[in-house]
Amino acid sequence: MDSILVKGNGALSGRIPISGAKNTCLKLMGAALLTDEPLTLTNVPRLTDIDTLATLLQSLGTEVARLQDGRVMILSARQITDRRADYEIVRKLRASFNVLGPLLAREGEAIVSLPGGCAIGARKVDLHMMAMEKLGATIELRDGYVHATAPQGLRGTVIEFPFVSVGATENALTAATLARGTTVIRNAAREPDTVDLARCLSAMGARIEGAGTSEITVEGVDRLHGATHRVIPDRIELGTFMIAPAIAGGEVELVGGRLDMVSALAAKMEEAGVEVSETPGGVKVRRNGNGVRAVDVTTAPFPGFATDLQAQFMALMCTAQGMSRLEETIFENRFMHAPELIRMGADIDVHGGVATVKGVPKLRGAPVMATDLRASVSLILAGLAAEGETLVSRVYHLDRGYERIEEKLSAVGALIERVRGG
Ligand code: EPZ
């Protein structure tokens, strides 16, 4: 299994291109199941998670063609040949559970494996099932699979989520596009991913209002058609690379990134003493010779501080002046990076959902590993400013969500390389 070797090398300088958004693209791909015409996606990131979902969609009868080095993907679900999403794939990629809404809406039946828990928390799917039941489906749990049926089709309804769930909002939204009548989704996710999904569905003929607000209204239509849609830039990749020069020093422009998608992070970085500005081509981050100040962060649904950036921000706070309090409110077990950062010399205390980080003058390189994508990348960021070598193993997590990370960081002066089979 590959590892990544990082050596602290001083300030970073240059430009990093931001790829298409993984989490958005996964949901857009699932939407292809809603129509018998081709859906063409551009700005597709080249990541193993994208390949995994493509394999699942193919197993359901979707033809998947990739052009321009994988950047363009044409998905044609002319005929659904299977309504069952297998455990072997769903357990690897939880976003696969989002084929439930499209399959059920188009076919009147979907059999989708329960994804099970994962490293960051239990990650239940009860809200997804509640939404499908509200839309008129009958749900049964058998042998670890959700069997959802609606032989007469789905019907519009009011779905009120008790708290914000990105995935459940998106499953409800896709399913409602083909339901009879009007569906109102209350306490809906406002994440840019959900807004982009709504935009793509609208281009396919769906009638959607309110995406980006807490209440989305969907007027069901009889059928959707093909479309061409460009995937939005990845705000979590952007946020991750914004933190790199904040940790290592220097000035980096994130080309293609959108500041409006990471405003909560930008505000916290500015509070810590890092300069963040919008450029005609993206976002620029600069840290002068002084270090950063400790600031507190509480994760929240969009437009709040993203849970997917909490680990990276903790890496930054490890060498900040003062003490910071990082509170994780979305997932119950999302501090797995803390013990690894401690191995690099960080001073962190975790109690329940709160981590207290006392800044130390310097981190030291160490062999480390992490059990999820964002935790892994936080260790790479920490390694950029550490004395000596940091070897991050279990790199397959990184390949799920960061395209060519070692090339992108090398291009701005980081000493980082992939160690094959290490
Ligand atoms: C999406 O996960 C993202 N994944 C996650 O990114 C991200 O961390 C998360 O949203 C929050 O922003 C994709 O889009 C593929 P949720 P999702 O439903 O949709 C609980 C990454 O690193 N919940 O908003 O699964 C749940 O357990 C990943 O790229 C229920 O209890 O997240 C969590 O505590 C990791 N019942 C909270 O809600 C449900 O039915 C929010 O989860 C659904 C969710």
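The values are calculated or read from the model by the stated rules, or taken from the named source; none is laboratory data. All values reported here derive from a predicted model rather than from experimental measurement. Please note: Cβ atoms are built from the backbone with ideal geometry, for glycine as well, and neighbour counts cover all protein chains shown. Ligands, DNA and RNA are excluded from the accessible area calculation, which covers all protein heavy atoms including side chains. Shrake-Rupley method; radii C 1.70, N 1.55, O 1.52, S 1.80 Å.
Table for the structure above
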{"item": "P(r) weight above 16 Å for the range 8-62, C-alpha pairs, percent", "result": "51"}
{"item": "Kirkwood hydrodynamic radius of the range 115-208, from inverse mean 1/r over distinct Cα pairs, in Å", "result": "14.0"}
{"item": "The chain, helix-only ellipticity at 222 nm - DSSP H runs n ≥ 4, -39,500 (n - 2.57), divided by all residues, nearest 500", "result": "-8500 deg cm²/dmol"}
{"item": "Within the accessible area of the chain (1.4 Å probe), percent carbon and sulfur", "result": "48"}
{"item": "On Cα atoms only, tilt of 22-31 relative to the major axis of the chain in degrees", "result": "10"}
{"item": "Rounded, prolate or oblate (a/c below 1.5 giving rounded, otherwise prolate when a/b exceeds b/c) for the range 338-419 by Cα gyration tensor", "result": "oblate"}
{"item": "Distance in nm between pseudo-label sites at residue 342 and residue 419 (7 Å out along the Cβ direction from Cα)", "result": "2.4"}
{"item": "Quotient of Cα Rg and 2.2 N^0.38 Å for the range 37-154, N being how many residues it contains", "result": "1.09"}
{"item": "Spherically averaged projected area of the range 22-222 from its Cα convex hull (nm²)", "result": "9.9"}
{"item": "Amide H within-cut-off set for residue 180, under 5 Å, with H built and near neighbours excluded", "result": "154, 155, 156"}
{"item": "Tensor-based shape of the chain (alpha-carbon gyration tensor, a/c under 1.5 rounded, otherwise prolate or oblate)", "result": "prolate"}
{"item": "The chain: most fluctuating residue of 319, 356, 240 per GNM, C-alpha cutoff 10 Å", "result": "356"}
{"item": "Pairwise Lys count, the chain - Cα closer than 19 Å, eight or more residues apart or different chains", "result": "11"}
{"item": "Span from the the range 142-170 Cα centroid across to the the range 21-93 one, whole angstrom", "result": "21"}
{"item": "With eigenvalues of the C-alpha gyration tensor scaled by 5 and rooted, the range 269-366, Å", "result": "22, 18, 11"}
{"item": "HN-Hα J in Hz across the range 278-294 - Karplus 6.51, -1.76, 1.60, θ = phi - 60°, x for Gly and Pro", "result": "8, 10, x, x, x, 9, 10, 10, 9, 10, 7, x, 5, x, 9, 8, 6"}
{"item": "Highest-fluctuation residue, 352, 153, 250 considered, GNM on the chain with Cα pairs under 10 Å", "result": "352"}
{"item": "For the range 257-297: rounded, prolate or oblate by the Cα gyration tensor [a/c cutoff 1.5]", "result": "oblate"}
{"item": "Student exercise, the range 56-103 dipole from Lys, Arg, Asp, Glu Cβ charges, in Debye to nearest 20", "result": "140"}
{"item": "Debye, to nearest 20: dipole size of the chain, +1 on Lys, Arg Cβ, -1 on Asp, Glu Cβ", "result": "300"}
{"item": "Full-extension gain in nm, residue 118 to residue 46, via 0.36 nm per residue minus C-alpha separation", "result": "23.6 nm"}
{"item": "Residue 347 long-range amide H proximity, modeled H, under 5 Å", "result": "358, 360"}
